[in-house]
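Below you'll find the structure, written out as structure tokens, and then a few comments.
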Amino acid sequence: MPAYYVMLGAPGAGKGTQAARLSQRMGLPPVSSGDIFRQNLREKSDLGKIAEGYLSRGELVPDDVTIAMIRERLAQPDCVRGAILDGFPRTPPQAEALDGMLAELGGKVDAVLYIRARPEALAKRLAGRWVCRAQAHIYHEEFRPPKVLGVCDVDGSALYQRDDDRPEAVAHRALIFLESTAPLIAHYRGKGVLVEVDGEKPIAEVTESLMAALPEQA
Ligand code: AP5
């Protein structure tokens, strides 16, 4: 039976960072809705053209577009054993759609990993974040600096700062999280699948907390 994990948390909580680390430990692919949108933006695909304005304003892309995109991604061969979802679902309709698509794939949401962090910690993280152009590896100028300034340790590509990490877009994204995504915390807690960890510890410690909360996968 495939296994599916959902990363939940405010912008900058560390979802992408932890999804990559858990992916290595668990052997499941990370599926990041934000990365797929940004890749489509770069490729100027039809999906990229639809998503562009929403991303730059820090707003959510409409549910129907996002759900169709994730449905297609989860049907790819590398997801046959499951996936670690980063950034999806983000609204109650997306959560409902996810249940339906996972049932079709013979699975379910096995655990929702909620990474908690205070707004003041998040602002500092996003202001200092650098991302690699080639494969979206994530760095921070203070908390996880690359070995060579401006260059990805893993693939050597250039690092850039995301357009939506501007302070005004960050503030808007935080608000959207509270309005649209935070209700999912209670939803998944009620279903008994929520795992909650302190996201303000160092990156490696957060990973260990998550793994400890999922002992059968360690
Ligand atoms: P998305 O890319 O998903 O952005 P987000 O949810 O705002 O999350 P972030 O990627 O900003 O943060 P993160 O939690 O992954 O933190 P990270 O690990 O990078 O979405 C972008 C946009 O796409 C949305 O605004 C929307 O327009 C659209 N979109 C995406 N999904 C959608 C959906 N489902 N529906 C509709 N629209 C959607 O870490 C942040 C920084 O902190 C890094 O520099 C990192 O090195 C550092 N860091 C991480 N952990 C720690 C730690 N423990 N200690 C110190 N530093 C740390």
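The values are calculated or read from the model by the stated rules, or taken from the named source; none is laboratory data. Predicted model only: the values in this text are computed from it and were never measured. All Cβ positions, glycine included, derive from the backbone under ideal geometry; neighbour counts span all protein chains shown. In case anyone asks, the SASA skips ligands and DNA or RNA and just uses the protein heavy atoms, side chains included. Shrake-Rupley method; radii C 1.70, N 1.55, O 1.52, S 1.80 Å.
Worth a mention:
- Search result, residues across region 152-170 that are more than 19 Å from the chain's Cα centre (by Cα) and among the acidic types (Asp, Glu): 153, 155, 168
- Taken together, 200, 168 contain a single residue that is among the acidic types (Asp, Glu) and either touching a Ser or Thr at 6+ places or on another chain (Cβ under 8 Å) or open to solvent by 80 Å² or more (accessible area, probe 1.4 Å) (or both), which is 168.
- Odd one out for residue 83 among (1) within 8 Å of the ligand (Cβ to nearest atom); (2) part of a strand (DSSP E or B): (1)
- Filter pass, residue 64 being surrounded by fewer than 18 Cβ atoms within 10 Å (Cβ to Cβ), in contact with a Lys or Arg (Cβ under 8 Å, 6 or more places away or on another chain), without any contact (Cβ under 8 Å) to a residue 24 or more places away in the chain and of a type in the set (Asp, Glu): no
- Hey, residue 109 under 23 Å from residue 24 (Cβ atoms), open to solvent by less than 50 Å² (accessible area, probe 1.4 Å) and more than 8 Å from the ligand (Cβ to nearest atom) or not: yes
- Selection from region 112-132 of residues that are surrounded by 18 or more Cβ atoms within 10 Å (Cβ to Cβ), part of a strand (DSSP E or B) and either in contact (Cβ under 8 Å) with a residue 40 or more places away in the chain or polar (S, T, N, Q) (or both): 112, 113, 114, 115, 129
- Close pairs (9 angstrom Cβ cut-off, 6 or more residues apart or separate chains): in contact (Cβ under 8 Å) with a residue 24 or more places away in the chain in region 85-106, away from the ligand (no atom under 13 Å from the Cβ) and in a loop (DSSP other than H, G, I, E, B) anywhere: 101/75; 102/2; 102/108; 105/2; 105/75; 105/80; 106/1; 106/2
- Subset of region 132-191 that is among the β-branched types (Val, Ile, Thr) and closer than 30 Å to residue 111 by Cβ - its residue that is nearest to the ligand (Cβ to nearest atom): 138
- Unmet criterion (only one of (1) within 12 Å of the ligand (Cβ to nearest atom); (2) at pLDDT 95 or above; (3) in a helix (DSSP H, G or I)) for residue 56: (2)
- Filtered residue count, region 1-48, keeping only those that are within 14 Å of the ligand (Cβ to nearest atom) and either part of a helix (DSSP H, G or I) or without any contact (Cβ under 8 Å) to a residue 24 or more places away in the chain (or both): 21
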